[in-house]
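The structure appears right after this line, and notes come after that.
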Amino acid sequence: MTMKLHKTLALADVAWEPIAPEKILAGAPATKTWVTYEEPGGRLASGQWEATPGKWRIFYEEWEHVVMISGRCIIEGDDGTRIEAGPGDSFVIEPGFSGNWDVLEPMRKHWVIETR
């Protein structure tokens, strides 16, 4: 019988990773990513993500559900859709989304990602 209930891993210290230079539109943003759960089949994962201010290009091939913990950001699609988010806000990014991620102040989010 497989487990159906899982406690996520504690957050460990991880290094800041810079955004790839070719994606940056403003600032010198860097991120930290904690993966706290990975489904054995590899299609579902969750964790936390932290970023410093800056703006960069993004493209999603996966589903992501986000719950903002702290900070402020704007996600703006190439199609003109725009979400401004802060603590307590949540949103979903679908596969095929492309646009910009603009971190206005240092932020942290909880995420759940599903790949197909």
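Rule-based calculations on the coordinates, nothing more; no lab input. This one's a predicted model, so the numbers in the text were calculated from it and none came from an experiment. Cβ atoms come from the backbone with ideal geometry, glycine included; neighbour counts cover every protein chain shown.
The table below gives the values:
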quantity: Search result, residues across the range 29-65 that are touching a Pro at 6+ places or on another chain (Cβ under 7 Å) and not acidic (Asp, Glu); calculated: Pro29, Ala30, Ala51, Thr52, Pro53, Gly54, Trp56, Tyr60, Trp63
quantity: Residues located in the range 70-98, provided they are within 18 Å of Thr52 (Cα to Cα) and among the small types (Gly, Ala, Ser); calculated: Ser70, Gly71, Ala85, Gly86
quantity: Qualifying residue in the range 36-46 (condition: in a strand (DSSP E or B), hydrophobic (A, V, I, L, M, F, W, C) and surrounded by 12 or more Cβ atoms within 10 Å (Cβ to Cβ)); calculated: yes
quantity: Tally, over the range 65-102, of residues that are touching a Ser or Thr at 6+ places or on another chain (Cβ under 9 Å) and under 25 Å from Leu44 (Cα atoms); calculated: 11
